[in-house]
1. Quick one: grab Rg to one decimal and Dmax as a whole number for the range 324-466, Cα atoms only, in Å.
2. Can you give me the Rg/Rh ratio for the range 24-106, using Cα atoms for both radii and the Kirkwood formula for Rh?
3. Using R₀ = 25 Å, calculate the FRET efficiency as 1/(1 + (r/R₀)^6) where r is the Cβ-Cβ separation of Lys335 and Ala104; round to 0.05.
4. Cα centroid distance between the range 262-299 and the range 1-76, in Å?
5. Divide, for the range 376-418, the radius of gyration over alpha carbons by 2.2 N^0.38 Å, where N is the residue count.
6. Report the rotationally averaged projected area of the range 410-490 based on its alpha-carbon convex hull, in square nanometres.
7. Which whole-percent values make up P(r) of the chain when all C-alpha to C-alpha distances are grouped in 10 Å steps starting at zero?
8. By how many degrees, between 0 and 90 and to the nearest 10, does the Cα long axis of helix 22-32 differ from the longest principal axis of the chain?
Amino acid sequence: MSRTDLSTLSPSFDAIVIGGGITGAGILREAVRTGAKVLLVEQNDFASGTSSASSKLVHGGLRYLKNGQWRLTLESVRERQRLLREAPGLVETQPFLMPLYRGAKPGKLTMRLGLWIYDLMAGTSASGWLSQVSLLKIEPNLRKPDLLGAVHYEDARTDDARLVQRLIRDAVDAGAVALNYVRADVQMRGTQVVGVRLTDTVTNQTRDIESKVLINAGGAWAGALPGAPEGSPVLRPLRGSHFVFSREKLPVQKAVSWLHPKDQRPIFAYPWEGAVVYGTTDLDHDGSQDHPRMTPEEADYLLDGLAYQFPDLQLKASDAISTYSGVRPIVASGKDDPSAESRESAMWSSPGLVNITGGKLTTFRVTAREVLNEAAKQVPLLKPERDQPVFVSAGNARDQRLFGRLGAAAATALLDGAPAAELERVADSPYSWAELRWSARYEQVQKLDDLLMRRTRIGLVVQQGGRDELPRIKEICMAELGWDQVRWDAEAARYLELWQRNHAPVPA
Ligand SMILES: Cc1cc2nc3c(=O)[nH]c(=O)nc-3n(C[C@H](O)[C@H](O)[C@H](O)COP(=O)(O)OP(=O)(O)OC[C@H]3O[C@@H](n4cnc5c(N)ncnc54)[C@H](O)[C@@H]3O)c2cc1C
């Protein structure tokens, strides 16, 4: 898909959204329903910030329940149930097991009570108790001495980058404009924000665009924008890192959750996109927000946690396929312990500007509607409509997974048009060659990592970031993106360097 020339953009919009993560994408999706003329700009690729580096759980957050954050838990559980209904194939039920041990906390009674409340909030009865014998039949690699059994319960998982992509695609289909690799700088007249100066970071082209209201959903980067009023919240970026292992190395059948022996923080491993995601950490992040990566101390912490719960597997960093790290946009409250900081979103406004930060992937719809209600105080047209489904479920789709990830129309066209040979999987990943071609052709791919790290997650779940598959990927990129040999060589070199720097389990 060719780049939108900034000179062809309309000179003014009702609302411009800064940031193409889950928060911005959710706002765009809800805003376009109001009939408003809306533009979203993302300075890098869509979901290239925190929204492709989360734990990928659409969850109520049992941990929040423990901290007494009732409203957040209830809201999250309700949103989870809604997304499970509306987006099968993109948001899927994830069964969890939490092994419990004699003499260790949490006790069985506490957990069962917590899960009873959790179920009650969701209107389900998914939780229960599994004996030691039944548990070990499912997860034979668990630490065994003093093992009593496990509580089981349900949450949900998604592909975070794809969730963002789907929201943006649906919003664009409904009339919104969304541009990646376009940075916004705020334009002010006195104390009033009046629009943005856009810079296409690929071509360096610039253009000034007016907006009745600007919505800053810049995530952990949100505080960097000028125009924030006095007394705006201070952000506390917290880094979280994950390992991705193959299912052969870390063969979990369900999500297994336990407390790290060092600090009693919950950690978990679960099957995701044909591999296993394991994390996470929660540490103050003082490095560059653009390229966070797992530190050796985080790797040791996570490997210690794994050795404690799965002692026989004896996993090392070099056994992993990849790692990834993200930065949580958390509003600082002065607490010492990073994990004690609230995960709720914060919103603040000034004339012509609404800022939003914090919050969770799971609750993007609620956040979007709160932001639009706030923006409507300045531009009444933006008042969100009555509650509507975010996604239209594809029902008994031919390929539920593809329908969820792409939307019904795109998935149907892909399946009808792809030659049989392209429906084969790329290495041992769940992605077909046809999906790669589809993304390259239709999904605003500008760089190789857009295709391999976010439209598909080959960079996370295939060994060496998919290095061995590059010759065939090259053919697709040349045909669909018009890249010549020189461009391909530059893209491949840049991608491999980026993978090595940010995702290699053992840094070179
Ligand atoms: C380790 C970790 C695990 C997590 N796990 C979960 C989970 O399992 N479930 C859950 O619900 N939540 C989870 N979260 C929280 C969730 O991922 C984040 O709250 C969410 O992704 C934040 O989205 P965002 O859109 O606000 O920010 P981002 O995704 O960071 O998006 C902001 C975007 O704004 C862009 N931007 C900034 N300034 C400009 C500008 N001037 N012009 C143009 N673009 C700009 C940035 O490039 C960036 O892409 C997790 C977070 C972390 C870090």
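The values are calculated or read from the model by the stated rules, or taken from the named source; none is laboratory data. Not measured: the values here are computed from a predicted model. As a convention, Cβ positions derive from the backbone with ideal geometry for all residues, glycine included, and neighbour counts pool all protein chains shown. Please note that ligands, DNA and RNA were not included when accessible areas were found on the heavy atoms of the full protein model with its side chains. Shrake-Rupley method; radii C 1.70, N 1.55, O 1.52, S 1.80 Å.
1. Here Rg and the maximum Cα pair distance are 20.0, 57 Å.
2. On the way: Rg = 17.3 Å, Rh = 16.0 Å.
A ratio of 1.08.
3. Working: r = 26 Å, r/R0 = 1.04.
The calculated FRET efficiency here is 0.45.
4. 22
5. Numbers: Rg = 16.0 Å, N = 43, 2.2 N^0.38 = 9.2 Å.
Expressed relative to 2.2 N^0.38 Å, the Cα Rg reads 1.74.
6. Mean shadow area of the hull around the Cα atoms is 5.0 nm².
7. 4, 19, 30, 28, 15, 4, 0
8. 50
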